[in-house]
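Okay, structure first, notes after.
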Amino acid sequence: MTATFTDRSPRLIRFARRVPVWIIIGLLLVVVVYPLFWLLTGSLKTQEEFLNNPTWALPEDWTNFSNYVEAWTTGNLDVYIRNSILAVVPALFFTIVFGVAAGFALEVMVWKGRGPVLLAFLAGIMIPGQMILLPLFTIYFRAGLTGSLWPLIITYTAIGLPLTVFMMATYFRSVPREVFEAATLDGANIFRMFWTIGFPLVRNAIFTVALVQFFFIWNDLLIALTFTTRDDLRTIQVGLLNFTGQFGQVQYGPTFAAIAVNVIGTLAIYLFLNQRVMKGLTAGSVKG
Amino acid sequence: MNRVLGDPRAILVLLGPALLVYTLVMLVPIFWSLGYTVFEGNPITGFEFVGLDNFVALANDPKIADALVFTLKYAVVLTIAQVGFGYLLALIYVFWLRKASSLVRTLAFFPVVLPTVAVALLFQELFKIAPVNGLVNDLLNLAGIPSVDWFASPDTAFLVLILMDLWRSMGFYAVLLYAGLVDIPDDLFESARLDGASGWRLVRHIVIPLSLPVLLSSIIFSVNGTLKVFDSVLALTGGGPGNTTTPLTLYMYQTSFTYGEYGYGSSIALLLTIICLLVTIFIFRSSRRDLTKG
């Protein structure tokens, strides 16, 4: 008996000591995951269910997608998502191409004054968007661009540059200089070197930076709200902000469905690329 | 070698586009906006030179004082909450979950990637009172507590705002701080344990001092981000009730676009930028100190 006692008690104690930890973890997961589950189940409920059943009740019909149809057609979600894609994709492309090239020029190439230029880019990270909003509005207004998505594309490209340049410069710094010096001795042309040596070496980093910028641009509200002067130019964030107004306060289902659509997109990306997203977003934390 | 790596034509081609866009769309508007501070008006009605009137108004506007106090209160409270909870989570990851923490870390991080507007609308529904209760009020009723109209009073609206942003950012700071904590060498803990330190004493005398640099930069990142809060406030409370949850960013937006006062709006933006600048100086100071330490 003493043998079993000494045999079992440390394991029991270890188990007992882990119980509070599991409670904390369980609580954490409920707090983090349940609101989302509540949102998704809510998007499948009818208006009667919202009014008559308790809020935690599960939907009576799990295949009731009428709220999504309603949000998509009457709520103009299709237009908003199209606008978001039309603004985000070109802006992302320009930010990455310009930012990677600038990072290479500022970190790999040797010239006077690259320190101050890098610092000038860095200063852009801390400038609040409000500081450039009003002059930009004047410029776009005078240039006659206010009726298009161009103000969004241009502004997103510029605002994304400081962080892209900063992160790319950091990644290029981690490539051993000998790689580039050896290439120059082999007589490689600088553009060839950028394309065949520099670019492949930081390809993964570029993908990470692009992911980070995608989340920043896609989730932006301030710029989109300022420069979308017409209803049919709204991005998904601006559209969603005015969504309850379109349906009136009482239409629960379509509102839940619209929020769910907006959430599912970024969530799907995170599902497949979570480690990379976590690494990228924490690396970009200077942005605050 | 330097002839290739220092080729001015190549530098121009590679750096030119970025520098041009950055200069035209960010640097020029910054100075342009500085110029606006001595004018009043907007592009549609035209501008009128008013000298330093905007700054005088800035100093005497009680709404500015309210917005400034709210901005600072929000930044301080949320920074303490999100870095505090993040640190707690990071400690759980490192000391209790160890290798098994990957899944929990990934799950706790996901609210970070969700659009702020979507999260704000979700929290509006969660804390709803009319026409039917949201989840929170239903749970309160279940516990025998009457429903609360969360967005009707400044204090409860502030509480919901902090809870929402804490929900969004906790996992982010946990991962950021976790990265700093796993870098602490294991032998340090072993020797401290051999010396008889455990539990809270181990945390206080070994863990906190050794993770101080990453803790400090988290605090600075957090302050820098929270000072610029806009999306979550606008989408959750719209600055209300009244203007009790209106930060400087939102007040600047309202004066500029609701009232068309570009000059006054620019002055508020300048005030905000100066505050952010002061914080950034701290960032560079502390990060430089870290470099000399490590």
TODO: Under 1.5 on a/c is rounded, so check that first for the protein assembly as shown, then, if it is not, pick prolate when a/b is larger than b/c and oblate when it is not; a ≥ b ≥ c are the square roots of the alpha carbon gyration tensor eigenvalues.
DONE: oblate
Open item on the list: Rounded to whole Å, give me the distance from the Cα center of region B:230-286 to that of region A:38-75.
Closed with: 37
- [ ] For region A:75-287, give the magnitude of the charge dipole about the Cα centre (Cβ charges: +1 Lys/Arg, -1 Asp/Glu; no others), in debye to the nearest 20.
- [x] 240
Task: Ranked A:93, A:243, criterion: other C-beta atoms within 10 Å, fewest first - done: A:93, A:243
Open item on the list: Which residues among region B:240-272 fall inside the zone where the amide N is under 15 Å from a point 7 Å beyond the Cα of residue B:56, along Cα→Cβ?
Closed with: B:264
- [ ] Taking a cut-off of 20 Å between Cα atoms, list the aspartates and glutamates near residue B:73, but don't count ones fewer than 8 places away on the same chain.
- [x] B:61, B:155, B:165, B:231
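Is region B:181-294 rounded, prolate or oblate when judged by the Cα gyration tensor, a ≥ b ≥ c being the square roots of its eigenvalues, rounded requiring a/c under 1.5 and prolate requiring a/b larger than b/c? Spell out each step's value before the answer.
Values: a/c = 5.34, a/b = 2.50, b/c = 2.13.
Prolate is the answer for region B:181-294, as a/c is 1.5 or above and a/b outweighs b/c.
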Open item on the list: Cut-off 20 Å, label point 7 angstrom out along Cα-to-Cβ of residue B:179: give me the residues of region A:158-181 whose amide nitrogen falls inside.
Closed with: A:160-176
Task: Virtual spin-label span in nm between residue A:97 and residue A:12, 7 Å along Cα→Cβ - done: 7.1
Open item on the list: Given the -39500 (n - 2.57) contribution per DSSP H run of 4+ residues, what per-residue ellipticity at 222 nm results for chain A, rounded to the nearest 500 deg cm²/dmol?
Closed with: -24500 deg cm²/dmol
- [ ] Just the number, please: Stokes-Einstein D of region A:75-287 in µm²/s, Kirkwood Rh from C-alpha pairs, 37 °C, 0.692 mPa s.
- [x] 173
Open item on the list: Let me check I have the definition right: for region A:126-175, take the eigenvalues of the Cα gyration tensor, multiply each by 5, take square roots. What are those semi-axes in whole Å, largest first?
Closed with: 29, 12, 6
- [ ] Sort all Cα-Cα distances of region B:109-163 into consecutive 5 angstrom bins from zero, then give the percent of pairs in each bin up to the one containing the longest distance.
- [x] 5, 19, 25, 25, 15, 9, 3, 0
Task: FRET efficiency, 1/(1 + (r/R0)^6) with R0 56 Å, evaluated for residue A:229 and residue A:191 via beta carbons - done: 0.85
Open item on the list: Using only DSSP helix segments of four residues or longer, with each worth -39500 (n - 2.57), what per-residue ellipticity at 222 nm results for chain B after dividing by its residue count and rounding to 500?
Closed with: -21000 deg cm²/dmol
TODO: Can you tell me the dipole magnitude for the protein assembly as shown around its Cα centre, using point charges on the Cβ only (Lys, Arg +1; Asp, Glu -1), in Debye to the nearest 20?
DONE: 1920
Task: Gap separating the Cα centres of region B:1-52 and region A:98-175, nearest whole Å - done: 10
TODO: Taking amide H positions as placed in the peptide plane 1.01 Å from N, state which residues far from residue B:39 in sequence (5 or more) or on other chains have amide H under 5 Å from it.
DONE: B:50
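Want the number for residue B:98 to residue B:282: 0.36 nm per residue separation, take away the alpha-carbon distance, what's left? Working shown, then result.
Details: separation 184, 0.36 × 184 = 66.24 nm, distance 3.31 nm.
My answer for the length gained is 62.9 nm.
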- [ ] Place +1 on the Cβ of every Lys and Arg and -1 on the Cβ of every Asp and Glu in region B:60-293, take the dipole about the Cα centre, and give the residue among B:274, B:257, B:126 whose Cα lies farthest towards its positive end.
- [x] B:274
Open item on the list: Checking a compactness column here: for region B:24-108, what do you get for Rg(Cα) / (2.2 N^0.38 Å), N being the number of residues?
Closed with: 1.95
TODO: Find which of A:258, A:143, A:184 sits farthest along the positive direction of the dipole of region A:75-287, computed with +1 on the beta-carbon of Lys and Arg, -1 on that of Asp and Glu, about the Cα centre.
DONE: A:184
Open item on the list: If you average 1/r across every pair of different Cα atoms in region A:2-66 and take the reciprocal, what Kirkwood value do you get, in Å?
Closed with: 15.3
Open item on the list: Would you report the distance distribution of C-alpha pairs in region B:60-293 as whole percents per 10 angstrom bin, up to the bin with the largest distance?
Closed with: 7, 26, 29, 22, 12, 3, 0
Open item on the list: Given Cβ point charges of +1 (Lys, Arg) and -1 (Asp, Glu) and nothing else, what value in debye, to the nearest 20, does the dipole of chain B about its Cα centre take?
Closed with: 980
TODO: Check cross-link reach from residue B:99 to the aspartates and glutamates: straight Cα distance under 20 Å, and skip same-chain residues fewer than eight apart.
DONE: B:183, B:186, B:187, B:190
Open item on the list: Net charge around residue B:40, counting only other residues with Cβ within less than 13 Å of its Cβ (Lys, Arg = +1; Asp, Glu = -1)?
Closed with: -3
TODO: Treating cross-link reach as a plain straight distance, find the aspartates and glutamates whose alpha-carbon is under 15 Å from the alpha-carbon of residue A:45, omitting any fewer than eight places away in the same chain.
DONE: A:60, A:61, A:70, B:125
TODO: Would you order B:161, B:135, B:277 from fewest to most other beta-carbon atoms within 10 Å of each residue's own beta-carbon?
DONE: B:277, B:135, B:161
Task: For B:102, B:147, B:211, order by how many other beta-carbon atoms lie within 10 Å, fewest first - done: B:102, B:147, B:211
Task: Dipole of region B:1-80, positive end: most advanced residue of B:42, B:65, B:18 [Cβ charges, Cα centre] - done: B:18
- [ ] Go ahead and collect, in residue order, the members of region A:52-68 whose backbone nitrogen is under 20 Å from a label point 7 Å along the Cα-Cβ direction of residue A:37.
- [x] A:53-64
TODO: Rank-order A:260-270, A:232-242, A:98-108 by packing density, defined as the average count of other C-beta atoms within 10 Å over each peptide's residues, highest first.
DONE: A:98-108, A:232-242, A:260-270
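Laboratory data are not the source of any read-out in this text; all were calculated from the coordinates shown. What you see is a predicted model; the values in this text were computed from it and never measured. Because the Cβ atoms are built from the backbone with ideal geometry, glycine has one as well, and the counts that use them run over all protein chains shown.
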